[in-house]
Each structure stands twice: as C-alpha cells, then as structure tokens.
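Worksheet for the structure shown next.
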C-alpha cells in the first residue's frame with residue numbers, strides 16, 4: 001500500500017466540488033485514511049512550497065493557497081501516487097484531458113482544484129506537514145475483495 005497527500009484547494013472548497021472529487025477517488029477504490037478542513041498559514045505555505053519561495057510566481061501562489069479553507073487528506077491504495085496524479089490530469093485545467101478531475105472541472109493553471117504529492121519522498125514529507133501520526137487511521141474496507149484480487153496487495 002502506498003500513501004499520498006491531497007489538498008482540495010480553496011477553489012475546490014468555494015466551488016463546492018469537495019464531494020464530487022472525493023467520490024471520484026473512492027469510486028476508484030482508494031481509501032481516505034486521514035482528512036481535515038483547515039486554513040493554510042503563510043508559514044505552512046512556505047514549508048509546503050519551499051522549492052518555489054524564491055520564484056517570481058510564489059507570492060500569487062501563497063495568496064491563493066492561504067486565501068480560503070482547504071481540505072487536506074491522506075489517500076492509501078495500490079500505486080496511490082501515480083493513480084491519483086493520473087486521475088487529476090495535467091496541472092493546467094486547460095491542458096488536462098476530459099475525464100480527469102482537472103479536465104472536467106478546471107479551466108486554469110493555478111486554480112486547478114487539487115494538489116497531489118509527486119513521489120514517495122514528497123508524499124512522506126507532505127503528509128508529515130499536515131498530519132500527526134495519530135491522525136492517520138488505516139483500515140481495510142469490507143469491499144476490498146471485490147475491488148482487487150488477493151495477490152494484488
């Protein structure tokens with residue numbers, strides 16, 4: 001099992017798309033093992049986007065991510081990082097394929113609804129930024145035998 005962090009960004013919250021996005025991941029068979037609504041502070045934004053802080057676009061990025069509440073979640077599943085990123089589609093909603101979350105609901109590069117970790121190291125670090133270990137609750141859904149074969153775990 002692999003874990004990844006997703007952030008349902010302020011545009012997702014304000015556009016009332018939380019349920020639709022969460023449903024897409026659940027219908028894929030991924031498990032939500034942690035979730036909370038919160039406000040990203042400038043300090044947290046600087047930690048999360050540390051590689052971008054010196055770039056010219058960072059002030060707009062920080063303003064956006066701190067501009068409203070987000071929902072942070074940890075998703076668990078087989079190849080969760082790759083699966084989630086493919087479900088999201090290209091970063092720009094204008095370039096994302098129809099059928100992806102961004103392709104269906106976004107028409108912007110920055111206002112692209114959801115952040116997802118881009119690799120195992122990033123996922124571990126990002127999960128630790130947003131969740132304490134005691135806030136993560138893994139479980140085995142009773143439907144699992146109907147989602148994948150026993151040898152696929």
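Points to keep in mind about this one:
- Sequence-separation-based contact order of region 82-128, relative, with Cα cut under 8 Å and 6+ spacing, percent: 30 percent
- Within a Gaussian network of the chain (alpha carbon springs, distance under 10 Å), most fluctuating of 15, 109, 82: 15
- Added length on full extension, which subtracts the Cα-Cα distance from 0.36 nm per residue, residue 51 to residue 137: 28.0 nm
- Projected area averaged over orientations for the chain, convex hull of C-alpha atoms, nm²: 9.2 nm²
- Relative to the longest principal axis of the Cα atoms of the chain, the long axis of helix 18-27 lies at roughly 30 degrees.
- Residue-span extension gain [residue 28 to residue 15] - 0.36 nm each, minus C-alpha spacing: 2.4 nm
- Note on 11, 104, 134: ascending count of other Cβ atoms within 10 Å places them as 134, 104, 11, the fewest first.
- Each label point was placed 7 Å from the Cα along the Cα-to-Cβ direction; for residue 38 and residue 108 their separation is 2.3 nm.
- Region 1-74: relative contact order as a whole-number percent, Cα under 8 Å and 6+ apart: 56 percent
- Gap separating the Cα centres of region 90-129 and region 11-40, nearest whole Å: 12 Å
- Of 111, 38, 87, the sequence from fewest to most neighbouring Cβ atoms within 10 angstrom is 38, 111, 87.
- Note: relative contact order over the chain, using C-alpha pairs below 8 Å and six or more positions apart, is 34 percent.
- Computed from the Kirkwood radius of its Cα pairs, the Stokes-Einstein diffusion coefficient for region 25-95 at 4 °C and 1.567 mPa s stands at 92 µm²/s.
- What the Cβ-Cβ distance of residue 146 and residue 1 gives, at R0 = 25 Å and to the nearest 0.05, is a FRET efficiency of 0.90.
- With neighbours defined as other Cβ atoms within 10 Å of a residue's Cβ, the residues 92, 63, 117, 106 order from fewest to most as 63, 92, 117, 106.
Taken together, the values in this text are just the output of simple stated rules run on the coordinates, not laboratory data. As the structure is a prediction and not an experimental result, all values here were calculated from the model. Counting neighbours? That spans all protein chains shown, and the Cβs are built from the backbone with ideal geometry, glycine included.
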